[in-house]
Amino acid sequence: MPKFVFLATDLALLAILIGIGVYIRHAARSPSLRQTWIQVLKNPSAVSAGLVLLLFFLLATLDSVHFRPRLPAADAAAASDAPVAYSTRTLSLLDVLLSGPREAVERTYSVPLGTHQFSKESVLVNGKMVRDFPRLAYGGRHLQDPARDWLPDVLRKSAAGLAAGLLASAALWLLVTWRLGKNAAQPLGASFTRLWHGDTAYPWRAALWTLSVLLLLVGWLAALWPYYHVMGTDQTGNDVLFQAIKSVRTAIVIGSLATLATLPLAILFGVLAGYFKGWVDDAIQYLYTVLSSIPSVLLISAFVLLIQVFIDKNPNLFATGLERADVRLFLLAVVLGIPGWAQLARLLRAETLKLGELDFVQAARAFGVSDAGIMRRHILPNLMHIVVIVAVLDFSGLVLYEAVLSYVGVGVDPSTNSFGTMINGARNEMSRDPVVWWNLVTAFSFMVTLVLSMTLFSSAVREAFDPRARSFRVHKLPPSRTASAAASSKS
């Protein structure tokens, strides 16, 4: 039995997932919230983006279950009496699932799907020292003659992986078609026609196309990754794709925790300023005006440097380097949330000023309801749509913020995988000749996919929760509804 290790960010991410689950349960029981989220689920781009985000959150969750493996006893005869010993290295479930790429370390750079090093070295050939590209210890080691066997092997494995993904995708399409036909009492052909043309209550076609692309990609990686470095290796010989996948957790933690750190101050000060007005409003406005006048990059950099000084002067507080890096990641997320509450507080203040003049709030005051009761029962529930919109919209910006800070050297610990550290490491690689491009491209692709998915999803959330955002949006009707509308107009 391994020894589980609970890091600060692990517990925080678990608390966030529990909070999301509680909110989903509350939204399912509330008719108005349920109807609003149904509008989000009817948006094809939101469904596609949501599925991609679920994959990223799944990777982050698997990478947040840490443990120290149990070491085997040195003497089998005394194993029952010997104390239990654990490894000094902390792993995660994701590390175990990707143990092959994690343990396959080369000497230096190698190109994607390569079989030789990127740079020449002095090697002994037939008793003579020559400059040549050495074979990789892991990538393509199963090939007898890489020059002859590499291309057929890559094509054969790629075809097998894509075929497996295509088969899984076809099975998924067939399952959804059968389910839709069963619910609508239609034959399989008619149900597939509806699904193919998007004539369904929910955008199943968009969801299935997204899942099909993901299944094809997963099948291709599963076929090639055990034999090659799919996206090459970095200067230290580590697999670039593995590092990019490990960086997903850092981005999710930064975006989630920083948003969570922003909400309490924003909600508290925004509601108090809008409800009590007067000197309370003046004091809070002065506070966030002063805070907004300070450049956020300088403020965050100063806090990060203070955190690093504290960590360096108190090394005894952390048992391992992973715990030290995790504490810095946790505090960085909190620091990123400190300057971000001012904008949300302004929005909540303005909305609270409006709600305070409405009839139901005035009636509550007339009946003697306390100020705390009015804010808790009448003001705060009517502000939650703004909180949800801003929280979802700010996630993408915080992920990009972390990348910028890590790029300039004041972000996460250098030992922590993140998109910013990967881009920072690729800065000098772009000036090489020939250029080492795969490190930057891999980090950029993952980061853009995460940010773009969150942006599309947040746009749908904003349209659903804010009626003004969807007032002039043109929606395309399904074919059956278009035909019925045309028939009614002719009659």
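The values are calculated or read from the model by the stated rules, or taken from the named source; none is laboratory data. Computed from a prediction, not measured in an experiment: that's the story for all the values here. Note: ideal-geometry Cβ built from the backbone for every residue, glycine included; neighbour counts use all protein chains shown. Side chains are part of the model used for accessible areas, which takes the heavy atoms of the whole protein and leaves out ligands, DNA and RNA. Shrake-Rupley method; radii C 1.70, N 1.55, O 1.52, S 1.80 Å.
Computed from Cα atoms, the angle from the helix 278-293 axis to the main principal axis of the chain rounds to 30 degrees. Ordered from highest to lowest accessible area with the whole protein assembly present and a 1.4 Å probe, K3, K157 read as K3, K157.
Decide, for segment 206-341, between rounded, prolate and oblate: order the square roots of the alpha carbon gyration tensor eigenvalues as a ≥ b ≥ c, take rounded if a/c falls under 1.5, and otherwise choose prolate if a/b is larger than b/c, else oblate. Oblate, because a/c is 1.5 or more while a/b does not exceed b/c. On a 0 to 90° scale, report how tilted helix 8-29 is relative to the longest principal axis of the chain, with both axes built from alpha carbons and the result rounded to the nearest 10. Approximately 40 degrees, to the nearest ten. Alpha carbon centre of segment 281-317 versus segment 121-141: separation in Å? A separation of 52 Å, based on Cα centres. Each principal axis of the Cα cloud of segment 1-127 was taken in turn, and the coordinate range along them, longest first, works out to 77, 52, 22 Å.
Label point of V448 set 7 angstrom out along Cα-Cβ; within segment 372-399, amide nitrogens under 19 Å from it belong to 396-399. Each residue, L358 and I294, gets one label point 7 Å from its Cα in the Cβ direction; the gap between the two is 3.6 nm.
Excluding ligands, DNA and RNA, the accessible surface per residue across segment 268-408 is 52 Å² with a 1.4 Å probe. Hydrodynamic radius of segment 90-166 by the Kirkwood approach over all distinct alpha-carbon pairs: 14.8 Å. One decimal place: the segment N316-V369 gains 13.9 nm when fully extended, by the rule 0.36 nm per residue minus the C-alpha distance. Computed from the Cβ-Cβ distance with R0 of 45 Å, the FRET efficiency linking Q285 to K42 stands at 0.70. Between R25 and L217, the simple spin-label model (points 7 angstrom out along Cα→Cβ) gives 3.3 nm. Between the entries (i) -0.24, -0.33, -0.44; (ii) -0.34, -0.46, -0.58; (iii) -0.39, -0.52, -0.67, the label attached to log10 I(q)/I(0) by the Debye sum over Cα atoms at q = 0.06, 0.07, 0.08 Å⁻¹ calculated for this structure is (iii).
A straight chain from L151 to F276 at 0.36 nm per residue would run longer than the Cα-Cα distance by 37.8 nm. On segment 1-76, 72 percent of the accessible area sits on carbon and sulfur atoms, based on a 1.4 Å probe.
Between segment 324-366 and segment 431-455, the C-alpha centres lie 34 angstrom from each other.
With R₀ fixed at 41 Å, the C-beta to C-beta distance from V84 to L14 puts the FRET efficiency at about 0.95. Average accessible surface for segment 134-240: 55 Å² per residue, computed with a 1.4 Å probe over protein heavy atoms with every protein chain in place. Ligands, DNA and RNA aside, I307 has an accessible area near 30 Å² when probed at 1.4 Å. Taking trypsin sites (Lys or Arg not before Pro) across segment 361-458, the ones in a DSSP loop with at most 16 further Cβ atoms lying within 10 angstrom of their Cβ are R427, R432.
Once the C-beta distance of E323 and T455 is scaled by a Förster radius of 35 Å, the resulting FRET efficiency is 0.55 to the nearest 0.05.
Based on Cα contacts under 8 Å between residues 6+ apart, the chain shows a relative contact order of 20 percent. Just the protein heavy atoms count here, and of the accessible area of segment 349-458 at 1.4 Å, carbon and sulfur take up 64 percent. The distance between label points at S119 and R70 comes to 4.4 nm (points 7 Å beyond Cα on the Cα→Cβ vector). For K128, the lysines whose Cα falls under 29 Å of its own Cα, not counting residues fewer than eight places away in the same chain, are K120. Taking 26 Å as the straight-line reach from the Cα of K157, the lysines in range (excluding those fewer than 8 positions away in the same chain) are K246. In plain terms, the chain from S431 to W196 could stretch by 79.8 nm, reckoned as 0.36 nm per residue minus the Cα-Cα distance.
Only protein atoms count toward the accessible area here, which uses a 1.4 Å probe; on segment 126-248, the carbon and sulfur part of that area reaches 67 percent.
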